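Here is the structure we will look at.
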Amino acid sequence: MRLITTTVLKAGMIIGRTIWNEANRPLLQKGAKVSEPMIKRLQQLNIHYVYIDDEISSNIEIEEAIPIDMRLKAVTQISSSFNKLKNVKGKEMTYCLDQESKHFAGIIDDLLDNIMKSREVLTVLSDAFLYDHYIYQHSMQVAIYSIAIAKEMNYSATELRQIGIGAILHDVGKMMIPQAILSKPDRLSDQEYETMKQHAQFGFDLLRNLHTISLLSAHCAFQHHERLDGSGYPRGLLNFEIHPYAKIIAVADVFDAVTSNRVYREKMMPSHGVEIIKKGSGTLYDEQVVEAFRRSVSYYPNGTVLLLSDGRRGIVCKQYKDNPERPWLRIFEESGRMVKATYELLLADCPEVFVESIDDAFVPDIE
């Protein structure tokens, strides 16, 4: 299978990966033949990318560290728990979150088990899922990225669990922010932005009073928007003042934010998100965290079509753990012509060749 933008999706193409809705039901099944009404519906739902099966991408599979059923279950639980919090106030909210904390701990234990077993770089493909509320999916994915980074940095099992719980609850304070601000499709006004920034303090105040969650996890909610140069919020902390856990979650939070669909902009491809993080290394984000992040995530998910600087075009068919930026490709075109027989190329073995562009709109001229 390979990844293409829905702008070039055509009737008759075969869906390579099931797309799920928020009710955990398949919106479009793997193997379905696309029709024009289906294409219009996908575009209306703000789905920018889909996986298709075709001849040049046959037998290329997507291997994710977290199974689909686990992701669906996790987001459903996060949604249920956060919705309960919306309906209570004051001390009742603290009590409610204390009661729900065992569910969050269970999610983290499941994620930890899978990530610790995986030897692959992390690939999380959010376009396979549709959610009405971005925060639920975001909370889970930030937890996944944070655990993967911390694993690469050799944190202990206890520390990984604290980081995971802090990550999954890092935005819990947004339950106290007006929905009109959270879902506003336009740029926030200065006053609205100041209100939004309060979620870090709200989250910390809520979590620090819980008996079931570590105070270190609470600091993840408090400090995940702080930056090394003091430009973050809510307190403008400097490098040495920011807790190491929060430095990890800051990177995971930004990466997921820019690589997910939002009401006010389209998602970026993972490689672009990685570059944003790398540009902030040492000034906004901790260098060691950025390096661990770079080694942990997939720049180009399997199925991504890449145009190379030497004129060759290929599909990412395998990840390369030693250098995720330079994966294995199945080359199917050279200088604009389809090759008679495809072959594999490890980009890491070709330092003189670089990725010219991601070609998510490629449609082969094949009858």
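How much solvent-accessible surface does LYS184 expose, in Å² to the nearest 10, with a 1.4 Å probe and all protein chains in place?
Surface open to solvent at LYS184 totals about 50 Å².
Which entries in LYS33/LYS73; LYS151/LYS247; LYS102/LYS247; LYS184/LYS279 show an alpha-carbon gap greater than 21 Å? If you can, show how the numbers build up before the last one.
On the way: LYS33/LYS73 28 Å; LYS151/LYS247 14 Å; LYS102/LYS247 25 Å; LYS184/LYS279 28 Å.
As for pairs spanning more than 21 Å Cα to Cα, those are LYS33/LYS73; LYS102/LYS247; LYS184/LYS279.
Solvent-accessible area of MET338, probe 1.4 Å, all protein chains present, reported in Å² to the nearest ten, please.
The value for MET338 is about 80 Å².
According to the square roots a ≥ b ≥ c of the eigenvalues of the Cα gyration tensor, what is the shape class of the stretch 1-156, taking rounded for a/c under 1.5, prolate for a/b larger than b/c otherwise, and oblate for the remainder?
Working: a/c = 3.02, a/b = 1.52, b/c = 1.98.
Taking the square roots of the gyration eigenvalues as a ≥ b ≥ c, the stretch 1-156 is oblate.
I want to check the label-to-label distance for ARG208 and LEU45. Put each point 7 Å from Cα in the C-beta direction and report it in nm to one decimal.
About 4.3 nm, to one decimal.
Stretched out fully, how many nm does the piece from ASP322 to ASP54 gain, at 0.36 nm a residue minus the Cα gap? Before the final figure, lay out each step's value.
Details: separation 268, 0.36 × 268 = 96.48 nm, distance 2.93 nm.
So the extension gain works out to 93.6 nm.
Where in the stretch 318-340 does the label zone of GLU356 land, with the point 7 angstrom along Cα→C-beta and an amide N cut-off under 20 Å?
326-340
Compute the distribution of all C-alpha to C-alpha distances in the chain, in bins of 20 Å from 0, and list the percent of pairs in each, rounded to whole numbers.
Answer for the chain: a P(r) of 28, 56, 15, 0 percent.
Which of rounded, prolate or oblate describes the stretch 173-243 when judged by the alpha-carbon gyration tensor and an a/c cut-off of 1.5?
On the way: a/c = 3.11, a/b = 1.27, b/c = 2.45.
Here the stretch 173-243 falls in the oblate category.
What is the spin-label model distance, in nm, from ASP98 to GLU61 if the labels are put 7 Å beyond Cα along the C-beta direction?
Each label point is offset 7 Å from its Cα along the Cβ direction, giving 4.7 nm.
Residues in the stretch 274-307, backbone N under 19 Å from the label point at ASN239 (7 Å along the Cα-to-beta-carbon vector): list them, ranges by number please.
Output list for this probe position: 277-294.
Any idea of PHE354's accessible area? Nearest 10 Å², probe 1.4 Å.
PHE354 has an accessible surface of roughly 110 Å² with all protein chains in place.
Only helices at least 15 Å long along their own axis, judged from Cα atoms, and with Kyte-Doolittle mean hydropathy of 0.0 or greater: name those in the chain from DSSP H. Mind showing how you got there, number by number?
Numbers: long enough: 68-86 (27 Å, -0.13); 91-117 (39 Å, -0.38); 134-152 (27 Å, 0.34); 157-168 (16 Å, 0.66); 244-258 (22 Å, 1.19).
What comes out of the filter, once short or polar helices are dropped, is 134-152, 157-168, 244-258.
To one decimal place, what orientation-averaged projected area in nm² is obtained for the convex hull of the Cα set of the stretch 217-367? Intermediate results must be reported in sequence, preceding the final value.
On the way: hull surface 44.8 nm².
Taking the Cα atoms of the stretch 217-367, their convex hull projects to 11.2 nm² on average.
With every protein chain kept in the model, how would you rank GLU92, GLU325, GLU241 by accessible area, 1.4 Å probe, largest at the top?
On the way: GLU92 115, GLU325 60, GLU241 85 Å².
The residues order as GLU92, GLU241, GLU325, largest area first.
For the stretch 122-248, rounded, prolate or oblate, judged on the Cα gyration tensor with a ≥ b ≥ c (square roots of eigenvalues), a/c < 1.5 rounded, else prolate if a/b > b/c? Present the calculation step by step, with values, prior to reporting the outcome.
Details: a/c = 1.59, a/b = 1.19, b/c = 1.34.
Oblate is the answer for the stretch 122-248, as a/c is 1.5 or above yet b/c matches or exceeds a/b.
The values are calculated or read from the model by the stated rules, or taken from the named source; none is laboratory data. Source: prediction; values computed, not measured. So basically every Cβ, Gly included, is an ideal-geometry build from the backbone, and we count neighbours across all protein chains shown. Just so you know, the surface numbers come from the protein's heavy atoms only, side chains and all, with ligands and any DNA or RNA stripped out. Shrake-Rupley method; radii C 1.70, N 1.55, O 1.52, S 1.80 Å.
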